[in-house]
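Let me begin by handing over the structure; questions about it come next.
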Amino acid sequence: MIDSPTELHDLIVERNKERNRARVVAGYCWDWASKRNPDAFDIEMPEFGYQRQWNLTQDGSLWLVAPRSVEQVGCIHTCQGLELDYVGVIIGPDMACVDGVPATDPLRRSKHDRSIRGYRGNWKKDAALRAMGDKIVRNTYRTLLTRGMKGCYVYCCDPALADYLRSRIKPVG
């Protein structure tokens with residue numbers, strides 16, 4: 001568990017020097033502004049001085065092996081099925097700890113996320129749709145958290161979720 005996205009990214013950059021097999025990934029909670037404006041940042045957390053772009057802008061599907069792509073952030077759509085030595089996972093605002101229990105909020109995902117298309121307008125009146133949104137968010141993080149074969153670093157946007165996870169994870173080494 002890491003206390004800032006900047007520290008998380010620095011750890012991944014350092015691990016990447018070993019074999020170019022370490023990357024940062026995140027839940028799809030930030031819009032892809034750099035798709036239309038290559039100078040824009042997609043993921044911004046000003047309180048940490050953290051600014052990054054999603055990975056497809058420069059390297060396309062080669063983000064896993066392009067050396068400079070370690071500066072970018074991958075998402076569920078580009079990393080499922082791929083394995084890294086080390087992964088840094090940013091758990092976005094779509095998952096938080098509410099009353100001591102992890103909870104999802106698919107409405108906190110990017111409006112460009114096609115996996116929840118149709119969810120926004122109908123979630124209040126459809127229990128099955130709420131359950132599907134919850135499952136999508138949980139599956140996203142299960143996938144992202146299992147990409148690192150040697151290690152995984154995690155930063156949570158929600159401090160309560162970070163505390164919850166710290167209380168249940170035993171660090172290795």
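Where a number appears in this text, it was derived from the coordinates with a stated rule and is not lab data. Given the structure is predicted, the values throughout are model-derived calculations rather than measurements. Using ideal geometry, Cβ is built from the backbone for each residue, glycine included, and neighbour counts are taken over all protein chains shown.
Kindly give Rg over Rh for the chain, based on alpha-carbon atoms, with the Kirkwood expression for the hydrodynamic radius.
0.96
Set the Förster distance to 35 Å, then compute FRET efficiency between M45 and A127 from the Cβ-Cβ distance, nearest 0.05.
Using R0 = 35 Å, I get an efficiency of 0.60.
Name the most mobile residue of Y50, Y155, Y86, meaning the one with the largest mean-square fluctuation, in a Gaussian network model of the chain with Cα contacts below 10 Å.
Its mean-square fluctuation being the largest, the pick is Y50.
Report, for the chain, the % of DSSP beta bridges that are antiparallel, rounded to 5. The partial results should precede the final answer.
Working: 7 of 22 bridges.
For the chain, the DSSP antiparallel bridge percentage is about 30.
OK, next. Tally Lys and Arg at +1 and Asp and Glu at -1 over the other residues with C-beta under 15 Å from the C-beta of E47: what net charge comes out?
In short, -3.
When the label point is put 7 Å from the Cα of S115 along its Cα-to-beta-carbon vector, which residues of region 130-148 have a backbone N closer than 13 Å?
Backbone N within reach: 132-147.
Around D85, under 13 Å between beta carbons, what's the net of Lys plus Arg minus Asp minus Glu among the other residues?
With Lys, Arg at +1 and Asp, Glu at -1, the net is +4.
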